Structure formats: C-alpha cells, structure tokens
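Peer 1: If you scroll down you'll find the structure; I have some questions about it.
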Amino acid sequence: MNELALRKRTLAGEKLVGTFVNTGSSMSVEIAGNVGLDWCLVDMEHGVGSWESLMHQLGTLNGSRTAPLVRLPGLDVVYFKKALDFGAHGVMVPSLNTAEEARQAVSFCRYPPFGTRGVSGMTRCARFGKKLDERLESAHENTLIIAQIETKSGLENVDAIAAVDGIDLLFVGPMDLSVSLGIARQLEHPDYKAACSRVVDAARRHGKASGALVIDGKKLAGCFDEGFTFVGVSSDGSMIAAGMNAVLQDK
C-alpha cells in the first residue's frame, strides 16, 4: 500500500534527505514535496501547528514522492493514533530513554496482533474505508518508527533501544543531546562526536539505520561520512529566518 516504501528504503541503508517543518505551514510541506525531498517531517513537539493543521499539511504530500512523517509531542498513545490515522508514513518519538519506552512506541504504532493501535476504517491512512483490510495486513511493514536519542540516559541505553524489534532508526537530537552532555551546541566537541559514533555503531549492530539533523546542505556529505544515512536539513522556520537575516548582512 505504501508506494514510497520509506521504511524499506531506510532499513536498506539508502541515503535519504528531508527537512523539518515547524511553522504549521501547509505551503512549506507542499514545497518540500515539489522539491522532491525523500521525506518531510512535521514537528508537533516544538512546532506551532495544531492537529487540525497537521491533517492538511500531510494531505499536501498526496501524490508526491516525498514521504510524510511526524515528530510527536511525546510518548502518548493518543498522539500516535492521530498522526498515523492522518496519513503519516512514520513517527519520530522524542527522548526515548529506555528499551521499555521503545517497546511501547512500537506497540502504539502497530495494529493487533502486532501491537495495540486502535482501529478505524474512516481514516486517511485507510483511504476512508477503501483500504482498511490492506492497511491492517501491512501497516507494520510500512510504518517507520524513529527513536530520538537526545539525553544521557538514551545514550547509555542506546544499544538496548536499537535491539527492540520494530525500532527502525536512531535519530540524534543535536541540541538536546549536547545540552544533556554539558556541551550545549558544541557539535564539533569530541564528546558529542563520540556520542554520535556510539549511536551509529548501535544501529549497525542491530541492523537499523541512524540519522541526524544538520544546519544546511553543505553539512550533508560530512554527516554521511560519519555513518548516518537518514539526514534532515534544517527546518522551514530556520530557512526563512536565515533568508531574512541575509537581507541585512550587507546593510
């Protein structure tokens, strides 16, 4: 059912590039789809959009080659239901710190007998009833589950988190992780680099992928060299701010 096959491509180790959208703008998401990014993630943790605006944002990617993802506000079953029912091809769960939390996240994403996700036919993900049987059969194979590693606890337990069946991708949260390590925003610091290597190595050991966020496209090659394969480049809000600041640079 999922023609974009983002989960399969991720686990196969393809180099996939996307961006975050935190402004609540459907236009930003639509632009990402027109550009042809591999994925576009709507940020419901730090972003300003509502659940209603999320429904419209995800809809703009219908028919594009860009897979819609959602970063959830936290580990709450209601958030998982909404994002996945609205048509997200996967979710990013912030600050996953233990294997037990990871198992919960997987369960919330999967219909019985694979998990505990609630079932409704009148959802976008089930094509409003037309594809419910197909969705029940294949959703667990087509839903990308991303664990964000962004605390000392998450880093200490990263191997156990990576070992959880159903966790597909470990994604470094650079700001939170650097703050948690006591080296806020020092992304070239040896301790931060060592933490990133630890995440990449854990993912590889368990046949999973790893990802990270970079400031701009110039950092992509370096990020891939470090072993990450799923890379987010900035956010729509940051890109807009950078463009506006550039207007005054030569004033």
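Peer 1: Translational diffusion coefficient of segment 212-251 at 10 °C, 1.306 mPa s, Stokes-Einstein with Kirkwood Rh over Cα pairs, in µm²/s as a whole number.
Peer 2: Numbers: Rh = 11.3 Å.
The estimated diffusion coefficient comes to 141 µm²/s.
Peer 1: Please name whichever of Ser238, Ala102, Ala126 sits farthest to the positive end of the charge dipole of the chain, dipole taken about the Cα centre and charges placed at Cβ: Lys and Arg +1, Asp and Glu -1.
Peer 2: Going by the Cα projections, it comes out as Ala126.
Peer 1: How large, in percent, is the carbon and sulfur part of the accessible surface of the chain at a probe radius of 1.4 Å? Each step should come with its number before you reach the end.
Peer 2: Details: 6080 of 11500 Å².
Within the chain, the accessible surface is 53 percent carbon and sulfur.
Peer 1: Testing the spin-label approximation: label points 7 Å from Cα along Cα→Cβ at Asn245 and Ala5. State their distance in nm.
Peer 2: Once both label points are built, they end up 4.0 nm from each other.
Peer 1: Continuing with the same structure: With +1 on each Lys and Arg Cβ and -1 on each Asp and Glu Cβ, how big is the dipole of segment 59-160 about its Cα centre, in debye rounded to the nearest 20? The partial results should precede the final answer.
Peer 2: Details: 13 positive and 11 negative charges, 109 e Å.
Using only the charged Cβ atoms, the result is roughly 520 debye.
Peer 1: If we count every other residue with Cβ under 14 angstrom of Ser107's Cβ, Lys/Arg +1 and Asp/Glu -1, where does the sum land? Don't jump to the answer; show the numbers that get you there.
Peer 2: Numbers: positive: Lys81, Arg103, Arg110, Arg117; negative: Asp76, Glu100, Glu101, Asp165.
Neighbour charge sum, excluding Ser107 itself: 0.
Peer 1: While we're on this one: With Kirkwood's inverse mean 1/r over C-alpha pairs for Rh, give me the Rg to Rh ratio of the chain, two decimals please. Please list the in-between numbers first.
Peer 2: On the way: Rg = 17.5 Å, Rh = 18.2 Å.
Taking Rg over the Kirkwood Rh, I get 0.96.
Peer 1: Classify segment 1-143 as rounded, prolate or oblate from the Cα gyration tensor: take a ≥ b ≥ c as the square roots of its eigenvalues, call it rounded if a/c is under 1.5, otherwise prolate when a/b beats b/c and oblate if not. Show your work: numbers first, answer last.
Peer 2: Working: a/c = 1.32, a/b = 1.19, b/c = 1.11.
Because its axes are fairly even, with a/c under 1.5, segment 1-143 counts as rounded.
Peer 1: Mind checking the log10 I(q)/I(0) for segment 103-251 at q = 0.12, 0.13, 0.15, 0.16 Å⁻¹? Debye, one equal scatterer per Cα, no solvent, two decimals.
Peer 2: With no solvent term, the Cα-only Debye profile gives -0.65, -0.73, -0.87, -0.93.
Peer 1: State which entries of Lys15/Lys218; Lys82/Lys208; Lys152/Lys193 exceed 18 angstrom in Cα-Cα distance in the structure shown. Intermediate results must be reported in sequence, preceding the final value.
Peer 2: Values: Lys15/Lys218 15 Å; Lys82/Lys208 26 Å; Lys152/Lys193 14 Å.
Where the Cα-Cα span goes over 18 Å, the pairs concerned are Lys82/Lys208.
Peer 1: Taking a probe of 1.4 Å, how large is the accessible area per residue of segment 70-122, in Å²?
Peer 2: Numbers: 2030 Å² over 53 residues.
Ligands and nucleic acids excluded, the figure is 38 Å² per residue.
Peer 1: Right, something else. Where the only charges are on Cβ atoms (+1 Lys, Arg; -1 Asp, Glu), what is the dipole of segment 1-103 about its Cα centre, to the nearest 20 debye? Provide the component values of the computation, followed by the final result.
Peer 2: On the way: 9 positive and 11 negative charges, 61 e Å.
In debye, rounded to 20, segment 1-103 gives about 300.
Peer 1: Please state the charge dipole magnitude for the chain, taken about the Cα centre, from unit charges on C-beta atoms (+1 on K and R, -1 on D and E), reported in debye and rounded to the nearest 20.
Peer 2: Values: 26 positive and 29 negative charges, 85 e Å.
In debye, rounded to 20, the chain gives about 400.
Peer 1: Another question, if that's okay. For segment 1-121, build the charge dipole from Cβ charges (+1 Lys, Arg; -1 Asp, Glu) around the Cα centre, then report which of Gly47, Thr60, His89 sits farthest towards its positive end.
Peer 2: His89
The values are calculated or read from the model by the stated rules, or taken from the named source; none is laboratory data. Because the structure is a prediction, the values reported are computed rather than measured. Glycine also receives a Cβ, built like all others from the backbone with ideal geometry; neighbour counts cover every protein chain displayed. SASA here: full protein model, heavy atoms, side chains in, ligands and nucleic acids out. Shrake-Rupley method; radii C 1.70, N 1.55, O 1.52, S 1.80 Å.
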